[in-house]
């Protein structure tokens, strides 16, 4: 019970089931006086919602957000911001037939074992739809960060076995990510990814990938030793997103094969400022931001919903059965995870800005 | 400030600087009536301490633990358990010379930027020595878990570029891990690892690796959606350990290249119980334990302290300088991270046992 | 920032401004499988809402609650329960005229000093209307407690200088409290209270009083030493209600004049059970429930809104001015605080039931 | 479990049993760079310890505090400050004889019902000795507050039926409180109190009283609506002290008999600053500090340990028995509660200073 809140000072609580009447989020701790409108939030929700391209599910969630509290005359009040999105265009009938047949790779069985009583429609609370609340909250966090010059960038670096294979520049991400359905910063790699994704999809299967998020212009000193280290909380935040099975900071898994002389980022002076020559640390040392770009990568598993037949157990009859899902599913979830991962990184940073007393209300005046 | 506590019901707060007078931990939330002695804790501390082999630093921390509260007549009281280890055999002189020269790969600069006033001796609060408290707390968590049949196993799966390269059985871990200085479950791989580690060390350099931890016989239903998912909290716990740059759950990064039909673990019946045929999920679906073994892997960076010359900036003079560290350092930190990673996994599971109301005080009677 | 959540396992987060579009609450941590309907909540909201009698403000808040999540097929899911009440019949015009003139006894000035940007309409976030969320959450807590045989009773023991002056029996509370507008357990005292309240009201003034809440049939062992003592958390909960200026547990302030031999409740055996002869402790020793009735009393200040002229400072001109409020206000807030105080006591107890692992999900089957 | 921590940013965790080997506290969240020495803490501990006068128990707790971490070169590091006091001069023998006979007014029975396994020696965890940790932490909080000009004053306003009966000035408190054993700001009243206390003591009985704490020069804007209101957290903090049965803020219980026109504090201009003419609110409106003095009063029950015979139940034999305690006990606990109550008020304010971002690290430079 009671795990639906994230953050200590910038506190986000999401609620709602996929096929319930609505879904939403409360954001508590936003400083008073920050300009905020529904359009700020809607923009991010539109990046998350399905039906954007051939690569996403066609469910027509219009996902109109309503801000119910915490904002007055266009500015935040310092009181909780409650946001609501009604669930519409919901068809729960397909789930009736399979309600005793947990879908492999989904949370169905785990929820049933934990809670006993479960909303089986569309994945209920465990559905990707829960991320509506995260993205809405993330939009507010991004606004707070932007007021302090911090930029969050996300992009797909690998999908369906096609990796971008090189370091991309921030400009490439800003320019290209919203121009292709893979949200890849390299247009050519994006084309290859798309073909590989559609190929697997045509075979009734899904594919995984890798998403990177960065935070630029982060001030030094964010993160609290020793358990609330910035990287630990980023790992927590990103791993809490469904389908994520690994989180890497900076050089990530590659450090296992490095030597110290290679992995250590040398300190150098650049225009009178201490920086590091390389950024294997991903902008974090001892759990504290150094001022270098924060870089994290997540491994995203293939969408568990596939049309290929699968084996499962009917829990009503305790018998092994074949499961054949009908419908259209995201063939690859990476493009839609990009805004969610950005949101999660933004939430962690906004929280630590507030915790470190570095969010300046005068920025909003 | 205030990030030195981990867990919600099994709450661990560590304190202490590397060269201060002592280091310690408070564990709050342990149920009353559990048998506990200093020997239970000492055993785990002895696995963590340096000086165990040619592969660890020679600092002679005897690390005698003293339990100061929370235990009476050999059993826990349900009140906070305070544990203390005095710091002895501490030589702070080498740190005087470099106190304005932050060591690359260490937290020196980040702490200085964050706190202004820093204990520069031996890494201060950011030193690996802080894990004494984690391991002591983990020993209590392990005892609680063991009373419920849960076993924690850790081992080095890769070091200095030598990977074990196969799945090992629990029996191999239990049998071999304490028999070689690498804490590797495969004796032959251990030998190759050791040679590669010593080779780099002879060159004044250090090496990284990969450590795996598992939890066996975990009951289903642990983990709280949606932010306190079991995998999210494991990622948080493991990433909060110094030198860890990536956390993988189950198949981890490999899911990026998988297809859904391969990544999804089929549900099957085995002796009347629902299990999965494979365990790519690492025992967790939707953030909740399924009853399958929980498996996590961490990428460990090379020890940042190396004797090779490095570049840094003298913050007193704001000039680039060369840094040459003297002394003997762990050439590879993996073997000593094994008990720490085990402790962190144990802490997460003990916390979630209590949160789910599944720790049964009657077990101790 | 971020103080809008109460409880550790039964977690309540309220949101909303008095004249915003809606007001609401999220309750996280309710065990799965508990029967719950909107009617359960509506019943308590109807006790709280204004317009019930000549003694309450005539604002026609219909206060229809909508449960948006966390309940499926009439039973809780173990996921967050989001509840919403739209604000209607709101007239914000009177507040325009006084928006730079903080009302004495209200939070206007304090909010302005703290937040800079304030919703001045109807008290904004500081309005009594915020208790809609508390009462809605309390209705769920009461249902959880009732399933375990625990009953919450509240009543007015003093108003406008008229004190009930004797200990009343639970039966009197159950029978009489909803039968008179003072929510007083003694019908005769209720009549005297009402006359005194109306007398002051006729003079453009308001009156205070004292409200008592009790919890019957509470199991022993609730409350966590040393800071989360049951009485400490009850004090916190009750003092967080607007207008409350004192909280007494058991004999409360009277202990100051007692001797130890009188204040100590002797332990006796009654039908094989250990009880206390008196209950000066109010059912709590060392911060832990003993099984005796839990009793708390709160001092309620007179409604700060009065029609008599008052002195204040115009913060726009920094000049002392006279303030004359127009409208009709609750002449005495005690009757409407009764359900709020009941709700707060229920929240604390439900939280501690869950924390102590004493809420049994099988109760709901 | 797990209730031994207080505060969100200035986090205090106490540990230790009365007759265990030591008792102590960790303070996490203290900003870096604040001057701090053991003498700062010792001064407050000396005010708390027994054996100060004829009015306190003769146990010779020397209570030497040792700071084990978090301070380096006389200044705080921003890391946890661990403080330890060894328990010496402990005679546990008297408790053997009564270990199955819970003392009325003490926590013995409640702990036994909750934990099953209890340290019965000297009250164990429930003993007043636990306040050593509170006072030590409070000393640090006071130092932080003093650096911002905030002063904490405590004094006994009533004891053994003798009330001081008038408002005392801060100067009287500063001047007189440490000059008489009652810690009363009025020397004459102190004399009468002392006689009444000794009279009851001579009869084998104990007496209660009332203690007031004030905070002067508190900046406006501390406290977080709606559950973390400053008064709610003060009530929590003070009620968590053993023997406290009521907490009043400002006019406290007297508001029950007031009219609104009397209870409302008028806003006035004094030297260009908005103040209130009276201070019935006790410096807090809507849960937020206004800048006026914060005033709280607590009702302290008579020391439960008395030498007069009492009735209890032997829980081993489940029989009613007579209990006759031997030894010398505090005849009135008010004087020793004064420093504890001051500490608790200081902890709340320090926490809210940090939460509001109003503790300025530059103050320490």
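Throughout, read-outs are computed from the coordinates displayed, never taken from laboratory work. As the structure is a computational prediction, the values presented were derived from the model and not from experiment. For neighbour counting, all protein chains shown are included, and Cβ atoms are generated from backbone atoms with ideal geometry for every residue, glycine included.
Which distances, shortest first and in nm, link residue B:275 to the matching position in the other copies, using label points set 7 Å out along Cα to C-beta?
Here residue B:275 shows inter-copy label distances of 5.5, 5.5, 7.7 nm.
Could you give the angle, 0 to 90 degrees to the nearest 10, between helix D:187-202's Cα long axis and the longest principal axis of the Cα atoms of chain D?
That helix lies at roughly 20 degrees to the long axis.
When the scattering of the protein assembly as shown is computed by the Debye formula from its Cα atoms alone, each counted once and equally, what is log10 I(q)/I(0) at q = 0.04, 0.05, 0.09 Å⁻¹?
Rounded to two decimals, the profile gives -0.23, -0.37, -1.27.
On a C-alpha basis, how far is the centre of segment A:74-119 from the centre of segment D:76-109 in Å? Whole number, if you could?
49
Highest first, please rank the peptides A:353-361, B:15-23 by the mean number of other Cβ atoms sitting within 10 Å of their residues.
B:15-23, A:353-361
Mean residue ellipticity at 222 nm from the helices of chain A, using -39,500 (n - 2.57) per DSSP H segment of n ≥ 4 over the full residue count, to the nearest 500 deg cm²/dmol?
Here the helix-only value at 222 nm equals -8000 deg cm²/dmol.
Tell me the label-point distance for the pair residue D:88, residue D:328, using the 7 Å Cα-to-Cβ offset, in nm and rounded to one decimal.
Rounded to a tenth, the inter-label distance reads 2.0 nm.
As an exercise, use a Förster radius of 51 Å and the Cβ-Cβ distance of residue A:39 and residue D:43 to find the FRET efficiency, rounded to the nearest 0.05.
0.30
Between segment D:232-247 and segment C:9-32, what is the separation of their alpha carbon centroids in Å?
Each part reduced to its Cα centre gives a spacing of 26 Å.
So what are segment C:144-200's ellipsoid semi-axes, whole angstrom, largest first, if each one is the square root of 5 times an eigenvalue of the alpha-carbon gyration tensor?
For segment C:144-200, the ellipsoid semi-axes come out as 25, 10, 9 Å.
For D:300-310, what's the mean count of beta carbons from other chains sitting within 10 Å of each residue's beta carbon? All intermediate terms of the calculation are to be shown ahead of the outcome.
Working: counts 2, 12, 10, 4, 6, 2, 5, 2, 4, 1, 5.
For this peptide, the per-residue mean of nearby foreign Cβ atoms is 5.
Take peptides D:217-228, D:74-85 and line them up by average Cβ neighbours within 10 Å, highest first, as a rough protection proxy.
Taking the mean over residues of other Cβ atoms within 10 Å, the ranking is D:74-85, D:217-228.
Let me know the mean shielding of D:344-356 by other chains, meaning the per-residue number of their Cβ atoms within 10 Å of its Cβ.
Numbers: counts 1, 0, 0, 1, 0, 0, 0, 1, 1, 0, 4, 7, 3.
Mean shielding by partner chains, rounded to a whole number: 1.
Based only on other Cβ atoms within 10 Å, what is the fewest-to-most ordering of B:162, B:247, B:211?
Ordered by Cβ neighbours within 10 Å, fewest first: B:162, B:211, B:247.
Taking square-rooted eigenvalues a ≥ b ≥ c of the alpha carbon gyration tensor, is segment D:121-240 rounded, prolate or oblate, where a/c under 1.5 means rounded and, failing that, a/b exceeding b/c means prolate?
Oblate, because a/c is 1.5 or more while a/b does not exceed b/c.
For a Förster distance of 60 Å, can you work out the FRET efficiency between the beta-carbons of residue A:321 and residue D:198, rounded to the nearest 0.05?
According to the calculation, E is roughly 0.10.
For residue B:100 and residue D:365, FRET efficiency with R0 = 22 Å and r from the beta-carbon atoms, rounded to 0.05?
Values: r = 19 Å, r/R0 = 0.85.
For residue D:365 and residue B:100, the calculated efficiency is 0.70.
Compute a Gaussian network model of chain D, connecting alpha carbons closer than 10 Å, and tell me which residue from D:346, D:246, D:159 fluctuates the most.
Evaluated over chain D, the most mobile residue of the options is D:246.
Comparing B:307, B:14, B:131, which has the greatest mean-square fluctuation in the GNM of chain B with Cα pairs linked when under 10 Å apart?
Answer for the Gaussian network model of chain B: B:307.
Report relative contact order for segment D:267-365 in percent, whole number only (criteria: Cα-Cα under 8 Å, sequence separation at least 6).
About 14 percent, as a whole number.
Per residue of B:119-130, what is the mean number of Cβ atoms on other protein chains within 10 angstrom of that residue's Cβ?
Whole-number average of other-chain Cβ neighbours for B:119-130 is 3.
Kirkwood hydrodynamic radius for segment A:5-364: how many Å is it when counted over pairs of different Cα atoms?
Here the Kirkwood hydrodynamic radius works out to 21.4 Å.
For segment C:287-365 and segment D:254-286, write down the distance between their C-alpha centroids in whole Å.
The distance from the Cα centre of segment C:287-365 to that of segment D:254-286 comes to 19 Å.
So what is the diffusion coefficient of segment B:193-279 in µm² per second by Stokes-Einstein at 10 °C and 1.306 mPa s, using a Kirkwood Rh over Cα pairs?
96
Expressed as an acute angle from 0 to 90° and rounded to the nearest 10, what is the orientation of the C-alpha long axis of helix B:38-48 relative to the principal long axis of chain B?
The angle comes out at about 60 degrees.
Relative contact order, percent, of segment A:21-142 when contacts are C-alpha pairs under 8 Å separated by at least 6 residues?
With pairs under 8 Å counted, the relative contact order is 34 percent.
Taking Cα pairs under 8 Å and at least six residues apart, what relative contact order does chain C come out at, in percent?
Answer for chain C is 22 percent.
When chain A is treated as a GNM, springs tying every alpha-carbon pair under 10 Å, which of A:11, A:259, A:192 comes out with the largest mean-square fluctuation?
Of A:11, A:259, A:192, the Gaussian network model singles out A:259 as fluctuating most.
Relative to the first principal axis of the alpha-carbon coordinates of chain D, what is the inclination of helix D:230-239, with its axis defined by its Cα atoms, in degrees from 0 to 90 and to the nearest 10?
20
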